[in-house]
1. With θ taken as phi - 60° and the coefficients 6.51, -1.76 and 1.60, list the Karplus ³J(HN,Hα) couplings across region 40-57 in order, rounded to whole Hz; mark glycine and proline as x.
2. Students often forget the sequence filter, so: which lysines lie under 25 Å Cα-Cα from LYS323 once same-chain residues fewer than 8 apart are removed?
3. Can you return the lysines within cross-link range of LYS368? Criterion is Cα-Cα under 16 Å, with same-chain partners fewer than 8 residues away left out.
4. Once each part is reduced to its C-alpha centroid, what is the distance from region 184-226 to region 292-371 in angstrom?
5. Check the straight Cα-Cα distances from LYS85 and name the lysines below 28 Å, setting aside those fewer than 8 residues away within the same chain.
6. What residues qualify as long-range amide H neighbours of LEU294, i.e. H under 5 Å apart, gap of 5 or more or another chain, H built at 1.01 Å from N?
7. Show the residues, 5+ positions off or on another chain, whose built amide H is closer than 5 Å to the amide H of TYR492.
8. Under the rule of at least 5 residues apart or a separate chain, name every residue whose amide H is placed under 5 Å from the amide H of PHE88.
Amino acid sequence: MERIVLLTWMLLCLFVASARTQKALPEGVLNCCEGDVLFLLDSSGSVSSYEHSRLLSFLSDVLLPFSLGEDQVRVGLLQVGTQPKVEFDFGTHHSQTSLQGALRNIRPLRGDTNTVEALRIASESVLRPGTPGGSRKGLPRVLVWLTDGVKPGDVTGPMAALRDEGVAVLVVSTGHGNYQVLRDVVTHPTDRHLYFVDIDDLSIITEDLRNAIIEIIRAERMTARDISTNSATLQWRPVLTGLNGFYEIRFGPAPTGGAGSGSGGPGTSPSVGGGQYQRFTQSADSSTARLTGLKPDTTYVATLTPESNEQAFNTLSVTFTTKPEVLSPAVISISELGSSSVRINWGPLQPDRVISYYIEYSTLPSGKLSAVTVSGTQNSTVLRNLQPDSTYLITVSARHSSGTERAMSVKVCTEEVTPALSDLQLTTVGSDSVQVDWRGSGSGLRGYWLTWEDQQNSVSAQLSTMYLPPESLSTRLSHLPPLARVCVSPIYRTARGDGLCCTAQFHSDALSYGYQS
């Protein structure tokens, strides 16, 4: 009989423990957050065993709904005593089963309330990014101090240093601590981050403290990026990796009155307006989805529901507005500007919408109007035979397939004509060689073209040529006949410019010379 009673009692205990673990989780906490939360627990001699167990039970209730792991929430526990001790760091527990079991096995340290030393340990190891078991770089960090308020030491400076490093500080006091000190150490707002409560009434603030933590570490779980006039990309943190399941995505115009753009987390999801939504699914290993066929300048709501029979997840949502429709040409730019030509560029290129572009140009104030037509697949053209040193008004008109036209204009000043070649001189060297020198300048110059021929006999004259790069301003020609005629011409991208010529005369008994013609 005693064995039956004992067995019944054990089963009842298991049922109660199971019921406590499996009780309904608060809505909006699963998969809500990403950050590192360190609990600084006073377990010195001023805290009784009963109070210590009540604080651990309180922590268990606060943390139970959170999803734990590298891409979720990580929890650490540092106990305060004569020699503070890190019971577990952020890299220890990745599941509620592991965390809850650890909390049930924590024992008090006793001794003095060496909170200052505990804060040093927290600052130099647990809360420092990059250290083993430490916090993650770029993610929210939270320190929750649970104290009875008895002789905490001079904590104002160390707490201020943590806050300066970006750590959010929250305090729960179960005793009659110095309100002024505790108020000064918490992160503002004080009314949401500082709690005074009796040890037997901790359950009153369970939800408030949990919500305060969530507010700090809530993750933007889904965002809309690469938003254009008719498409957008949804991106989310993958939560189904390693699980059987899929993502259900719905999107459609927002209900009347919806506007703006924002990132969505769990909780109450905005509804997709009027039932005009589209639905599709993505595999469990995906983290992005492209939405197409959207309307310009329209606010949309998209929802993402992770579906799995292994774990419960909240529906995530995001609201975004597509960009207004931009008709080409929306921008015009000028390149390759010269004295007689210019390249005009426009955009955006819309070959599926634009049939052709019509470019008109004339000198100001009342020059002759010229025009050229190019296909809708082009976004630039070169205008030639322009007047140097003149101001042109250029207008690009797009003829859209819808029948509409859009035009933009720009003023352009052509460059002045500067001589590319001047001061050609020939200096004879010996009986059959000549030194050729000249001055050259001008934009767009590609080099120089030299020609020379024998002028003694026009019937049998032979022409010789040579190319020189644009930085060359001299050369020597040898084996020339008497009365050799030498010409130098500038070379441009599309043509050869006007040149200069000189005739060299060789004299055996006089100083050689050349003259320009």
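1. Karplus values, whole Hz, x for Gly and Pro: 9, 9, 6, 10, 6, x, 7, 9, 6, 4, 5, 5, 4, 5, 5, 5, 5, 5.
2. Answer for LYS323, where 25 Å is the Cα cut-off: LYS295, listed by chain and number.
3. Once the sequence-local lysines are set aside, what remains near LYS368 is LYS411.
4. Using only Cα atoms, the two centres lie 44 Å from each other.
5. Once the sequence-local lysines are set aside, what remains near LYS85 is LYS137, LYS151.
6. Close amide H contacts, sequence-distant or interchain: SER231.
7. Here the answer is ARG446, GLY497, since their amide H atoms fall under 5 Å of that of TYR492.
8. The answer is LEU77.
The values are calculated or read from the model by the stated rules, or taken from the named source; none is laboratory data. Computed from a predicted structure; not experimentally measured. These area figures cover heavy atoms from the full protein model, side chains too; ligands, DNA and RNA do not enter into them. Shrake-Rupley method; radii C 1.70, N 1.55, O 1.52, S 1.80 Å.
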